[in-house]
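One structure is given below, encoded as structure tokens.
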Amino acid sequence: MNIVIANNYQEISIQAARLVADQITNKKNTVLGLASGQTPIGMYQELINMFKRGKIDFSEVVTFNLDEYYGLAPEHPQSYYYYMWNTLFKHINIKKENIYLLNGMPENIKQECNQYEYLIQKNGGIDLQILGIGDNGHLGFNEPAIGLNSKTHLVNLSEETIQANSHYFNNIQEIPKQAITMGIGTIMKAKKIVLLASGRKKSHAIEKTINGPVSTEVPATILQLHPDVKLLIDKEAASQL
Ligand code: PGA
């Protein structure tokens, strides 16, 4: 793993945006795997700034998002569909038909998951996957477990994740207890992976990801087995190394 320790969140965001921009410059029809949550917001803002300065053209870019809450409609303000449109897509020149997001209210969950895997393959696979990391080491919504699903699937959220995301909702009852997520195999098939982490609360997960034994109990440790991973973290997230 290539580990880059930046001074602060702003530096992570700028460096991550540059990696994305370089990828798109090298391959106009890049397939990006995108993450939601607090961590990538700065990167998305920087990408929008670069787009406005004419430094990136998203017109041929294709995106697939990592995950979605199960039971939230796209128009729900806490859905990742809503997040992605408002945080990035509506500000750039990406084509609507090139954006793939999981449907949180599918008629047939198995079909939704299988179709997503099919569409990723049909588009040539993910060139660059952006990841955050949970305080518990989860990737996407692949939670610590004795076994992990390889492909896109429905998952029960851990108590820790429900607590960590509770501040986005009015009360804990409103938080979905399940989500649809790309599987670990889906993520590991990406040609390149960049994981972003900021802040002291991520430091234990980061320490295990780098130094720990590969274990499904800390899903991010599986990245040790990927040939092209960059961890872009700030000093606080690196404080346990
Ligand atoms: P965060 O979430 O970026 O909001 O910290 C990351 C994650 O839980 O994977």
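Within the group L195, L241, which residue is surrounded by 23 or more Cβ atoms within 10 Å (Cβ to Cβ), closer than 16 Å to D135 by Cα and not basic (K, R)?
Within the list L195, L241, the selection yields L195.
Just need a number here: residues in region 107-120 that are among the charged types (D, E, K, R) and outside any helix (DSSP H, G or I).
Residues in region 107-120 being among the charged types (D, E, K, R) and outside any helix (DSSP H, G or I): 1 in total.
Would you confirm whether or not region 180-190 contains a residue that is at pLDDT 95 or above and open to solvent by 30 Å² or more (accessible area, probe 1.4 Å)?
First, the residues of region 180-190 that are at pLDDT 95 or above: 180-190.
Next, only the ones that are open to solvent by 30 Å² or more (accessible area, probe 1.4 Å) stay: 188-189.
Checked region 180-190: at least one residue is at pLDDT 95 or above and open to solvent by 30 Å² or more (accessible area, probe 1.4 Å).
Using the structure shown, decide if Y9 is over 28 Å from G124 (Cβ atoms) and open to solvent by 50 Å² or more (accessible area, probe 1.4 Å).
Numbers: over 28 Å from G124 (Cβ atoms): yes; open to solvent by 50 Å² or more (accessible area, probe 1.4 Å): yes.
In short, yes.
Filter region 121-135 down to the residues that are within 16 Å of the ligand (Cβ to nearest atom) and not in a loop (DSSP other than H, G, I, E, B) and list them by number.
Kept after step one, since they are within 16 Å of the ligand (Cβ to nearest atom), are these residues of region 121-135: 129-135.
Q129, I130, L131 - these are the residues of region 121-135 that are within 16 Å of the ligand (Cβ to nearest atom) and not in a loop (DSSP other than H, G, I, E, B).
For region 1-22, what are the residues that are of a type in the set (A, V, I, L, M) and closer than 16 Å to A238 by Cβ?
Residues satisfying the conditions are M1, I3, V4, I5, A6, I12, A16.
Kindly establish whether Y80 is away from the ligand (no atom under 16 Å from the Cβ) and touching a Leu at 6+ places or on another chain (Cβ under 9 Å).
So Y80 does not fit the description; no.
Tell me which residues, restricted to region 15-47, are of a type in the set (V, I, T) and crowded, with 17+ Cβ neighbours inside 10 Å.
Answer for region 15-47, where residues must be of a type in the set (V, I, T) and crowded, with 17+ Cβ neighbours inside 10 Å: V20, I24, T30, V31, T39.
Would you check if there is a residue in region 62-74 being open to solvent by 20 Å² or more (accessible area, probe 1.4 Å), hydrophobic (A, V, I, L, M, F, W, C) and either within 16 Å of the ligand (Cβ to nearest atom) or touching a residue at least 60 places away in the same chain (Cβ under 8 Å) (or both)?
no
The values are calculated or read from the model by the stated rules, or taken from the named source; none is laboratory data. Given the structure is predicted, the values throughout are model-derived calculations rather than measurements. Note: ideal-geometry Cβ built from the backbone for every residue, glycine included; neighbour counts use all protein chains shown. When the accessible area is computed, the model is the full protein with side chains, heavy atoms only, and any ligands, DNA or RNA have been set aside. Shrake-Rupley method; radii C 1.70, N 1.55, O 1.52, S 1.80 Å.
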